[in-house]
1. Multiply the residue separation of residue 381 and residue 51 by 0.36 nm, subtract the distance between their alpha-carbon atoms, and state the gained length in nm to one decimal.
2. Relative to 2.2 N^0.38 Å, what does the C-alpha radius of gyration of region 386-495 come to as a ratio? Two decimals please.
3. Among 324-334, 400-410, how do they line up from the highest to the lowest mean number of other beta-carbon atoms within 10 Å?
4. Accessible area per residue for the chain in Å², computed with a 1.4 Å probe and the full protein assembly in place, what is it?
5. Quick one: accessible surface of residue 495, probe radius 1.4 Å, all protein chains present, in square angstrom to the nearest 10.
6. Sticking to Cα atoms, compute the Rg of the chain to one decimal and its Dmax as the biggest Cα-Cα distance, whole number, in Å.
7. Could you give the dipole magnitude of region 105-252 about its Cα centre, charging the beta-carbon of Lys and Arg +1 and that of Asp and Glu -1, in debye to the nearest 20?
8. Using Cα-Cα distances under 8 Å and only pairs 6 or more residues apart, what relative contact order does the chain have, in percent?
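The values are calculated or read from the model by the stated rules, or taken from the named source; none is laboratory data. Everything quoted here is computed from the prediction, not taken from an experiment. Cβ sites come from the backbone with ideal geometry, for glycine too, and all protein chains shown count toward neighbours. Heavy atoms of the whole protein, side chains included, go into the accessibility calculation; ligands, DNA and RNA do not. Shrake-Rupley method; radii C 1.70, N 1.55, O 1.52, S 1.80 Å.
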Amino acid sequence: MSTQLLHEKKRIKENENPTKIAIAKGDGIGPEIMDVVLKILEAAGANIETEFIELGEKSYLSGHTSGIHPSAWETIKKNKIIFKAPITTPQGKGYKSLNVTLRKSLGLFANVRPVQAYSPYVSTHFPNLDVVIIRENEEDLYAGIEHRQTQDVYQCLKLITRPGCEKIIRYAFEYAKAYGRKKVTCMVKDNIMKITDGLFHSVFKEIAKEYPNIKSSSQIIDIGSARLAANPESYDVIVTTNLYGDIISDIAAEIGGSVGMCGSANIGNKVAMFEAIHGSAPDIAGKGIANPSGLLNAAISMLAHIDQSNIADKIKNAWLTTLEQGYHTIDIYDKNHSKEIVSTVDFTERIIQNLGKEPENLEKSDLSNGSGSISIPEYKRQKQNKKLVGVDVFIDWQGNDANFIGQELSSLDLYKMKLKMITNRGVKVFPNGMDETYCTDHWRCRFISEETITSKKDSYNKVISEQIISLLFKLHENGFDVIKTENLYEFDEIRGFSLGQGE
Ligand code: NAI
Ligand code: MG
């Protein structure tokens, strides 16, 4: 079974029912740009029915800490498509990010951010820039699972899942296929995070094989972002995890010209949400000068998503024509290429007048000529043999002599388990640590079976849960402050945990 995310481009039939859309006007410049964008959609003949929902500042301040009025959930669940202007997150305690709440509650796993240059009409250092960042939207450090564990040490859990990787990476290749893109680049940091980022990279390699007509390559995120900033024209589609994607999509948008120009789509199996990438711009709210292009581009992606690519093309071509004619809002005004600074409303009027025209020099929009559909098969859970081989016990200890705690732990009778090593912030400090290593109060003590390592290289002997529970009891009895444990597993004899640095 597969889920259709982006449907066959078919012409809208006269009598087809309009697609219902939940619309949030947002805060700051939100209402100004939403009103004009809806006017353009209407003038272009978009077959949609709007239903307004309340999100953002007013909801926050009226006591809904997640920024969304309960009635809005019903409208969203019913309509499945959200078109959202930027909102203001009030400063202060207790307010949760509405964007994160929406993405995660609605399973919007893919954040798609196309960034394009419109040179020479909009100034940019990169006239051939045309990149799409596809960012995983639900997991990674954004799972938001954080703990303070000792006086000195705080932790944030980075969760990367196989279904999450498969979905986003397949989405990236399917997107490339549907929109005639040539290359997908994966960016992660798997030289350091071999297990989590390593999974993302290996799933990327697996899935890339299924798309022989699309080039694939991988870069480590640090050099990848540097090259994206210096030479963005060499990228086509980039797929990455949540945090890196958050960062590089802002880099790409910033070097592409104005933050006012880019739209973004948040895609899930059931619901999709479209918005501009910028915020509510309170500094220019109410002045009538905001650039509605980011929200308009989001609307264009939305129309393509709901089978109305022909209307999407018509709007985009009118917008490109307006850019070529030099009628520019102030954020993209430049005396060499612009003819006139226009207000939000005048810019909109120009676009409406240009409906039906095509740009002369900029590449015309041809969404309705894409190959059509993106489908993501349902994830099939894998079954591998899971073997418990040890435990990492994290101990809060205020001392600083690793040999002392190491010898103390080694001297205990631990139910046929033995201390293999101790690390502090990941660096091995026992046995044979270095005096120079700085130690905090957070000691990871690794216990494995007392019997020697199995014949297979890199594989450990099995232990049973009861051994671990007894071990914890023994540590507690001996005054050790255990703050957490992490079981060590092998999956089909492959180690499912990292080694200590220096192990
Ligand atoms: P911002 O994106 O609102 O503004 C940054 C700068 O870009 C400002 O100088 C602004 O005037 C300008 N700008 C933004 N959009 C523009 C447009 N369409 N036309 C012309 N100029 C434009 O970011 P900022 O100031 O950091 O955040 C303001 C508020 O927006 C905050 O409350 C923030 O939490 C919220 N925000 C909401 C987002 C959303 O709803 N998706 C995303 C980002 C921020
Ligand atoms: Mg961000």
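1. 115.0 nm
2. Its radius of gyration relative to the 2.2 N^0.38 Å reference: 1.04.
3. Per-residue Cβ counts within 10 Å, averaged per peptide and sorted highest first, yield 324-334, 400-410.
4. So the chain comes to 47 Å² accessible per residue, rounded to a whole number.
5. Spelled out: residue 495, probe radius 1.4 Å, area about 70 Å².
6. Final numbers for Rg and Dmax: 26.9, 84 Å.
7. So the dipole magnitude of region 105-252 works out to roughly 440 debye.
8. Taking the mean separation of contacting Cα pairs over the length of the chain, I get 18 percent.
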